[in-house]
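**Student:** Submitted below is the structure of interest, expressed as structure tokens.
The values are calculated or read from the model by the stated rules, or taken from the named source; none is laboratory data. This is a predicted model, so every value here is computed, not measured. Note: ideal-geometry Cβ built from the backbone for every residue, glycine included; neighbour counts use all protein chains shown.
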Amino acid sequence: MLSSIPEVSSVAWSSMITGQNPGAHGVFGFMDLHPDSYKMKFPNFSDLKAPPFWDLWHGKSVIINVPSTYPVHEMNGVLISGFVSIDFEKSIHPKSLIAPLKDMDYRLDVDSQKAHSDMDAFLKDLDASLEARIEAYRYLWETQDWQTFMLVFTATDRLMHFLWDAYEDKNHKYHSLFLEHFRKIDQAVGEIDSRLNDDDLLIMHSDHGFERLDKDIYISYLLAEQGFLQFKQDQDIALNNICYGTKAFALDPARIYLNLKGKYPCGSVDVAEAEDILRQLENLFQSLEVDGRKVIRDVYRKEQIYSGPYLENAPDLILVGADGFNLKASVKADKLADKAIFTGKHTQDTAFFIAKGLRDENIIPDPLTVSDIKQIIEKARS
């Protein structure tokens with residue numbers, strides 16, 4: 001299965017639960033800009049412009065740990081938001097579940113900051129989070145009268161970011177612990193499968209794939225180096241301090257926006273010159289190499305991959321990294337390529353989809369994308 005573009009969880013999960021692309025559901029990344037501003041904001045569940053499937057389908061749903069569903073809304077059933085969730089009480093619907101979940105020591109997310117200072121503490125928290133999530137699923141499975149049940153394991157993402165090298169290296173200190181975490185999830189999946197009736201449909205999928213990370217590539221550094229991005233003198237280098245003369249800027253992970261007049265406070269690009277600048281940028285990204293390797297796998301214009309009423313809010317160009325290269329937009333970087341603590345990165349083209357109990361495989365499109373999952377289930381239900 002193909003993930004979203006960009007292959008980040010906020011976009012992928014928004015696409016899965018709505019069956020829409022970002023041009024229709026309005027979520028293009030983890031961060032966005034306030035209108036007529038370079039000030040960043042964090043889109044949350046309230047910013048989703050298309051309804052999630054549980055608001056459209058008849059019957060009660062239990063939804064556990066889906067990313068970008070904070071703060072929770074009223075719905076027919078149970079909703080426990082996934083990351084990024086800030087306030088526990090705003091993460092749980094109905095409120096009557098707050099107390100039993102706290103009794104289980106339920107965690108909204110793994111404390112990833114621990115991995116930066118104490119990997120053993122991080123792994124302990126990882127397992128505790130998984131155990132509490134499994135306990136919560138069992139409790140809700142047995143106490144709720146539901147028709148649709150959705151359970152998301154997200155600690156795998158954290159594990160693969162920090163310890164992909166442990167997965168690849170059998171001699172690594174944490175290799176066995178890495179595999180054991182997945183075995184625990186396998187056991188939980190097997191337990192769920194054993195609870196199903198013959199006419200139930202079981203679907204498993206990821207929001208993206210994973211692979212080894214060789215280099216982080218800082219797109220804003222490249223834009224500044226090539227003169228497309230400029231900052232006000234004698235002020236901190238920050239997106240909010242872009243100055244007139246900037247032709248383009250980036251938001252994570254690799255969304256490129258033209259600095260258009262009338263759209264941004266220091267806009268300096270006329271509509272008439274936009275096409276020429278886009279072509280210059282495409283050539284720059286397509287020719288970019290580090291250590292003799294091509295960095296960018298694909299360069300898309302927004303009209304190529306998005307459609308819908310929110311297309312005008314989309315980035316003008318969207319980049320997908322080549323194997324091993326993780327694209328980042330931070331303006332603080334002082335070099336083009338570097339390597340931080342992460343050893344694993346997302347991939348766009350190696351997400352997975354597994355269905356058991358699907359009686360008509362012809363309803364699965366080819367190629368299959370994250371936006372198709374909702375429609376597949378709807379066709380199977382009918």
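**Student:** Please work out which residue is farthest from Ser330 (Cα to Cα), limiting yourself to the stretch 197-229 and to residues that are charged (D, E, K, R) and touching a Phe, Trp or Tyr at 6+ places or on another chain (Cβ under 7 Å).
**Tutor:** The extreme case among them is Asp207.
Condition check ((1) within 30 Å of Gly19 (Cβ to Cβ); (2) crowded, with 20+ Cβ neighbours inside 10 Å) across all residues:
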{"residue": "Pro52", "(1), (2)": "yes, yes"}
{"residue": "Ile80", "(1), (2)": "yes, yes"}
{"residue": "Ile92", "(1), (2)": "yes, yes"}
{"residue": "Ile98", "(1), (2)": "no, no"}
{"residue": "Met104", "(1), (2)": "no, no"}
{"residue": "Leu108", "(1), (2)": "yes, yes"}
{"residue": "Asp125", "(1), (2)": "no, yes"}
{"residue": "Glu131", "(1), (2)": "no, no"}
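**Student:** Wholly within the stretch 173-290, which strands (runs of 3 or more DSSP E) include no fewer than the required count, namely at least 3 residues that are in contact with a Lys or Arg (Cβ under 7 Å, 6 or more places away or on another chain) and in contact (Cβ under 8 Å) with a residue 12 or more places away in the chain?
**Tutor:** Strands (runs of 3 or more DSSP E) meeting the threshold: 215-218.
**Student:** Give the residues of the stretch 55-77 that are buried (at least 23 other Cβ atoms within 10 Å of the Cβ) and under 23 Å from Thr143 (Cα atoms), sorted by residue number.
**Tutor:** Once the filter is applied, which keeps residues that are buried (at least 23 other Cβ atoms within 10 Å of the Cβ) and under 23 Å from Thr143 (Cα atoms), the stretch 55-77 yields Ile63, Asn65, Val66, Thr69.
**Student:** Another question, then. For the stretch 7-19, state whether one or more residues are polar (S, T, N, Q) and surrounded by fewer than 20 Cβ atoms within 10 Å (Cβ to Cβ).
**Tutor:** No.
**Student:** Being more than 17 Å from Glu135 (Cβ to Cβ) and either surrounded by 12 or more Cβ atoms within 10 Å (Cβ to Cβ) or not assigned by TED's automatic domain parsing to the domain that holds Leu123 (or both) is the filter here, so list the residues in the stretch 177-190 that pass it.
**Tutor:** Result: Leu177, Phe178, Leu179, Glu180, Phe182.
**Student:** Here's a follow-up. Can you confirm whether the stretch 361-369 contains a residue that is in contact with a Ser or Thr (Cβ under 9 Å, 6 or more places away or on another chain), of a type in the set (S, T, N, Q) and part of a helix (DSSP H, G or I)?
**Tutor:** The answer is no; no qualifying residue exists.
**Student:** Moving to a separate point now. In the stretch 191-201, how many residues are within 15 Å of Ile377 (Cβ to Cβ) and surrounded by 15 or more Cβ atoms within 10 Å (Cβ to Cβ)?
**Tutor:** Adding up the residues that qualify gives 1.
Okay, residues lined up against (1) within 30 Å of Met16 (Cα to Cα); (2) of a type in the set (Lys, Arg); (3) surrounded by 15 or more Cβ atoms within 10 Å (Cβ to Cβ):
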| position | (1), (2), (3) |
| --- | --- |
| Asp216 | yes, no, yes |
| Phe231 | no, no, yes |
| Asp236 | no, no, no |
| Leu239 | no, no, yes |
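**Student:** Yes or no: Thr148 closer than 22 Å to Trp13 by Cα, in contact (Cβ under 8 Å) with a residue 24 or more places away in the chain, of a type in the set (S, T, N, Q) and crowded, with 19+ Cβ neighbours inside 10 Å?
**Tutor:** For Thr148, the condition - closer than 22 Å to Trp13 by Cα, in contact (Cβ under 8 Å) with a residue 24 or more places away in the chain, of a type in the set (S, T, N, Q) and crowded, with 19+ Cβ neighbours inside 10 Å - is not met.
**Student:** Name the one entry in Ala322, Ala333, Ala351, Ala337 that is crowded, with 16+ Cβ neighbours inside 10 Å and in contact with a helix residue (DSSP H, G or I) (Cβ under 6 Å, 6 or more places away or on another chain).
**Tutor:** That would be Ala333, the only listed residue that is crowded, with 16+ Cβ neighbours inside 10 Å and in contact with a helix residue (DSSP H, G or I) (Cβ under 6 Å, 6 or more places away or on another chain).
**Student:** Let me ask you something else. Go through the residues of the stretch 291-304 one by one and say whether even a single one is part of a strand (DSSP E or B) and over 25 Å from the mean Cα position of the chain (by Cα).
**Tutor:** Yes - at least one qualifying residue is present in the stretch 291-304.
**Student:** Right, Ala329: in the same structural domain as Met160 (by TED's automatic domain parsing), in contact (Cβ under 8 Å) with a residue 40 or more places away in the chain and either closer than 23 Å to Leu258 by Cα or touching a His at 6+ places or on another chain (Cβ under 6 Å) (or both) or not?
**Tutor:** Spelling it out, it is not the case that Ala329 is in the same structural domain as Met160 (by TED's automatic domain parsing), in contact (Cβ under 8 Å) with a residue 40 or more places away in the chain and either closer than 23 Å to Leu258 by Cα or touching a His at 6+ places or on another chain (Cβ under 6 Å) (or both).
**Student:** Step by step: first the residues of the stretch 330-340, then only those that are at pLDDT 95 or above and part of a loop (DSSP other than H, G, I, E, B), then the one that is nearest to Arg293 (Cα to Cα). Which residue is that?
**Tutor:** Leu336
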